[in-house]
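Any read-out appearing in this document is the output of simple, stated calculations on the displayed coordinates, not a laboratory observation. Since the model is a prediction, treat every value here as computed from it, not as a measurement. Note that we place each Cβ from the backbone using ideal geometry, even for glycine, and neighbour counts take in every protein chain shown.
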Number of protein chains: 4
Amino acid sequence: MRIGLLTGGGDCPGLNAAIRAVVLRANAARDDVVGFHHGWRGVVEGDVETLTPASTRGILETGGTMLRTARYHPDEHEGGVAAVQESIERQRLDVLIVVGGDGTLGSASSIASIEIPIIGIPKTIDNDVAGTTRCIGFDTAVATAAEAIDRVHTTGESHDRVMVVEVMGRSTGWLAVCAGLAAGADAICLPERLMSIHELAKAVQSHHDAGSTSSVIVVAEGAEFFDCGATGTGSVGATVASDLVALTGYETRLTVLGHIQRGGMPSAADRLLATSFGAAAVDAAHDRAFSSLVSWHDDNVELRPLETVMQGCRPVPAYLLKLASDLTIC
Amino acid sequence: MRIGLLTGGGDCPGLNAAIRAVVLRANAARDDVVGFHHGWRGVVEGDVETLTPASTRGILETGGTMLRTARYHPDEHEGGVAAVQESIERQRLDVLIVVGGDGTLGSASSIASIEIPIIGIPKTIDNDVAGTTRCIGFDTAVATAAEAIDRVHTTGESHDRVMVVEVMGRSTGWLAVCAGLAAGADAICLPERLMSIHELAKAVQSHHDAGSTSSVIVVAEGAEFFDCGATGTGSVGATVASDLVALTGYETRLTVLGHIQRGGMPSAADRLLATSFGAAAVDAAHDRAFSSLVSWHDDNVELRPLETVMQGCRPVPAYLLKLASDLTIC
Amino acid sequence: MRIGLLTGGGDCPGLNAAIRAVVLRANAARDDVVGFHHGWRGVVEGDVETLTPASTRGILETGGTMLRTARYHPDEHEGGVAAVQESIERQRLDVLIVVGGDGTLGSASSIASIEIPIIGIPKTIDNDVAGTTRCIGFDTAVATAAEAIDRVHTTGESHDRVMVVEVMGRSTGWLAVCAGLAAGADAICLPERLMSIHELAKAVQSHHDAGSTSSVIVVAEGAEFFDCGATGTGSVGATVASDLVALTGYETRLTVLGHIQRGGMPSAADRLLATSFGAAAVDAAHDRAFSSLVSWHDDNVELRPLETVMQGCRPVPAYLLKLASDLTIC
Amino acid sequence: MRIGLLTGGGDCPGLNAAIRAVVLRANAARDDVVGFHHGWRGVVEGDVETLTPASTRGILETGGTMLRTARYHPDEHEGGVAAVQESIERQRLDVLIVVGGDGTLGSASSIASIEIPIIGIPKTIDNDVAGTTRCIGFDTAVATAAEAIDRVHTTGESHDRVMVVEVMGRSTGWLAVCAGLAAGADAICLPERLMSIHELAKAVQSHHDAGSTSSVIVVAEGAEFFDCGATGTGSVGATVASDLVALTGYETRLTVLGHIQRGGMPSAADRLLATSFGAAAVDAAHDRAFSSLVSWHDDNVELRPLETVMQGCRPVPAYLLKLASDLTIC
């Protein structure tokens, strides 16, 4: 069998572990693997390299992707899909394994619909691909963000400050709620529920009135407040911080975690998930289970229809929203 | 409501996060919480302390258990169960939340059967409590063991050695297989399948004949070989190491990870799991869902009958055994 | 002996280790220790607590300071110094141990000059207190910043981007140069040398022309460029990032590390340094070596005159500036 | 200039950072670098590879040594030194940079004495090479050992146990004392002072009588006791553990850290030290400062005569021995 492989969309920890697993599993089955550079763009441009156990040696524990990545969707470019089809034929591929988030996998789903044999693997630090409970990269991002919030905690306590920490998550609050709960945040602001800055300020006030001398507020970058005073080009975290100063008078500091959330060495859990997904994708190819998504359900690897990813972002479930209410100040 | 709480069996990371979550959730519901020291022994001896948000402050990210623990089973001591019942009455408890592995929860199940209101929370770095897919402490132990195996890897490669790493796991190979796969071990020896030391030696030989200059062999302490040459009082890891020297002639070194696997700061994932479990146990108490086990299924907290834990250790599932075969040398 | 203790200025990792060492060493010598809250402000306001081995148990490995801190200089407030003197007399202190950076220790030095028995301990993540080669907190901050730069590296490589990372350091570039070199930054911009954004852009261009597809630029917040195009209220990192886009056309991203650099668990090296400094300060008190600074020189703890801290920030030494030139692109 | 490079003796974190720095610095000066495999053995056997910025890319943060290593001393083999000389001539080398501990550098010193141009770089997790205050690998080993002791602490406290942790250090107690102090060990047993197991047991007893419920005892593998009861083939840690059980009756557990102490990713401080040393060695070669040791003194890189390494192991200094007495129970 000849297998094509690409990683698309934003980078995250565990992509290399998935690449290695595809190559090792394929090698054991005497398959060949070619990797496309820069996601879908490399398919369109025919930018490939042969992947072997030797060329993927030592990448299991490294961050990023050795194939590099790009945010490029062939179905949004004139002639893009045809170029993909041609490239796959030129490389005589029996299957294309696509590792990506909802954008990359969305393209995969629409291309798969025209009979091109594709298998998807979900990755995103946002953990919001529909059809799987876990995406590659999420566990590491939660660990990284939680550690950063831990750090900010000690500074807040030492200086009697309100610390606002903005984490990634435009559409969903997975990262904010999991990292926030893991790090004992006092409040967590999510896209999943419209917030009031006045209520948040009141809750902080009560918290401090009851004896606390510092607070840590985690804000997903997609969180929305219906009553923010500050406006402008700043991030939501900046707005929250400046409004809290205005409303409470407490010394307040903002930290925007930024790109460190998606970089670095993958956690053991992400390496294991990515390894499981990569090997399972090759097994699925052998079973000719095309147009499917390798996914994680009830502590097991399962296949789901690839088109499931088109259902839109998977929101944070009720039990986490409840926890975020029950264990925080608002 | 008056809630009793104990942690029993071997310590692991995340116990304090569970204690904190019970206390915070109870406090929000205006419940009182008393903690028993040293597991079941503290119940029998009436060794308690009142737990409050203030007294549990700052423990979320710490290892071990502030309540301390012991391996003591009241149902195996004359008058033990009666003493438990009496203690619960003396403390006027409405429910006893028991955090433990199969031993501690086994006692909980047998005591619960005589109408004492008990709710169980599973914890063990072995991850093998029946009735849940995840136990508190497992994620951290995998991360710790995988990091140790990573370290051993670089030494093996630098010195052209075979490195044998013995990890915990007497009955099941959860820790060995997850940490071994996450760290790219070349072979993983599990209690789940009877092994041959001669086949392992042959596989190592072929691995090196094919160009490798080092190998990392992960051995669960409960792994069995039907044809080991060495006998004696040494651990299975020591036996494997000395047999490999005899059979292959390669320079071989043994590392026994020991207690570091169960200590230390919990991972973000364990803090979140423990927090979810602790809060859910209090919710279950309010729902009078006694004799139940708080458990993790399909990315959600669920309640299962507490007696499920009596079904014996939950073995490593097929997909992990397959991965351990497919991605290693034997 | 009765010992007073305070931590002042910005918090950093290792302050608690220093507090613990003062208390343990004092306890062994049967001295009493009282801790002032919020730095110098607690001395002026008489806000104290008694410190004992029991009350400082478990703080060795925690970030921040259990005494809390503030940026307050009694010598800059009317009656401040008199209030300090009075407070010390009211508490019947034989010595005041002051843990701080150049601001806090500057006040200590001027107060010590009026015959108040003071011993200073240097701490700052900037590592620029004159009179010592190492300050508490620096090693941890370098490790934290280097790890963050590592993370940004993998994202840059995966996306073919120029990554600009702004680290702390207003007056000196200790943190930028040490973390930058440790993490293999391609360029390091320091307050110690006036930079040209055009030269930096040209160097990045040559770097990419020679085959590199990404670059990591570390910028100390106090770095200065004589020819920056962008102006405004943004940080120097933001200016560098936007200028590089304009001059090179490369996709560029900015990460401002912010408060995570000063928080979190201290490294082993910082715990050891802080423990050495804390114990040495008590020993110095017994030797009546007042008006001295506990300092680190040639792998040893030494005492220097406290007034040494008034010499101004200790700049990055020549060999580090040379390294930063020799091993980077500009 | 043509530069030869080797890494010898036990592996440790930071060797790759030193290799990278030699190559980058040499490349900037238009020098060529060849690396010998397996330490001195590769010189004798002519086993080399050309090292370039491309071939050393990405190794800065990796453990071990890409050149691999061996414990081989040419001066102890018939014709060994002549073979070294011949190999150096065949490769037309202007200088040989030798990275090693006292064994490897001892050979370097004796070979350098016959007019072969050699520059030494000290590395060892034992930190005991004479002529330098820091060796590559020590900082990381201290961090690794301290983290392991931290983990053991929480288990000891949870179970009311005496935990014995055996760390590396046959001749000197650098690692034991620095990691032990950093992790708050209750007692530290070093080769530098002859110990009494009865006194240690009495101190543990008093510690527990005074209210402690657990103790952590760090033992260097070279520690000696004049009155140990147990004899046999076990390690000193095993002897201490079994004697403490016999003398105190407390539940006691042993952890032998083993190879994890020398493996893994180097700390930021080790990367910086190794980078400084590697670049300085090339500078020294340009200055024709042969027969010298690149060393660390008073926060600076300095050159010392290479023969300094023959003075024997550098012992733990007085201030650390004093700290180990003052802050522990014996």
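Numbers below:
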| quantity | calculated |
| --- | --- |
| Neighbouring partner chain Cβ atoms per residue of C:194-206, average, 10 Å criterion | 0 |
| Chain D, closest residue to the rotation axis toward B, by beta-carbon, whole angstrom | D:256, 3 |
| Relative contact order of segment A:141-262, pairs being alpha-carbon contacts under 8 Å that are 6 or more residues apart, as % | 36 |
| Teacher prompt: residue B:317 distances to equivalent labels in other copies, 7 Å Cα→Cβ, nm | 1.3, 5.7, 5.7 |
| For residues of B:137-149, the mean tally of beta carbons on other chains within 10 Å | 4 |
| Residues D:168, B:1, sorted so that the one with the fewest Cβ neighbours within 10 Å comes first | B:1, D:168 |
| Euclidean distance between Cα centres, segment C:164-215 to segment D:206-224, Å | 48 |
| Nearest-first distances (nm) between copies at residue B:45, label 7 Å from Cα via Cβ | 4.3, 6.1, 7.0 |
| Selected from A:126, A:160, A:209 as most flexible by GNM, with chain A as the system and alpha-carbon contacts under 10 Å | A:209 |
| Reciprocal mean inverse distance between Cα atoms of chain B - Kirkwood radius, Å | 20.7 |
| For residue B:184, net neighbour charge (Lys/Arg +1, Asp/Glu -1) across residues whose Cβ lies under 14 Å away | -2 |
| GNM result for chain C, Cα springs below 10 Å: residue of C:26, C:210, C:183 fluctuating most strongly | C:210 |
| Kirkwood-based shape ratio for the protein assembly as shown, expressed as Rg/Rh from alpha carbons | 0.95 |
| Cα-based reach from residue A:202 at 26 Å (exclusive), listing lysines while leaving out same-chain residues under 8 positions away | A:322 |
| Sum of side-chain charges, residue C:54 neighbourhood, beta-carbon under 14 Å (Lys, Arg +1; Asp, Glu -1) | 0 |
| Exam field: residue D:211 pseudo-label spacings to other copies (7 Å along Cα-Cβ), nanometres | 2.1, 6.4, 6.6 |
| Max mean-square fluctuation residue, GNM over chain D, Cα-Cα springs under 10 Å, options D:228, D:178, D:135 | D:228 |
| Sorted by Cβ neighbour density within 10 Å, fewest at the top, the residues A:40, C:296 | C:296, A:40 |
| Against the rule of thumb 2.2 N^0.38 Å, how large the Cα Rg of segment D:82-136 comes out | 1.20 |
| Inter-chain Cβ neighbour average for residues D:246-259, partner chain, 10 Å | 3 |
| Relative contact order (percent, whole number), chain D, Cα cutoff 8 Å, 6+ residue spacing | 23 |
| Distance from segment D:25-50 to segment C:124-144 (C-alpha centre basis), Å | 36 |
| Rg over Rh, two decimals, segment A:203-328 (C-alpha only, Kirkwood Rh) | 1.11 |
| Dipole of segment D:140-262, positive direction: furthest Cα of D:256, D:197, D:211, with charges on the beta-carbon | D:256 |
| Distance from segment A:236-301 to segment C:56-116 (C-alpha centre basis), Å | 44 |
| Computed magnitude of the charge dipole of segment A:141-262 (debye, nearest 20; Cβ of K, R +1, Cβ of D, E -1) | 240 |
| Around residue A:241: net Lys/Arg minus Asp/Glu count, Cβ-Cβ under 10 Å | -1 |
| Residues B:5, A:24, sorted so that the one with the fewest Cβ neighbours within 10 Å comes first | A:24, B:5 |
| Helical mean residue ellipticity (222 nm; -39500 (n - 2.57) per DSSP H run of 4+; nearest 500) of chain C | -12000 deg cm²/dmol |
| Estimated D of segment A:141-262 in µm² per second, where Rh is the Kirkwood radius over Cα pairs and Stokes-Einstein applies at 37 °C, 0.692 mPa s | 235 |
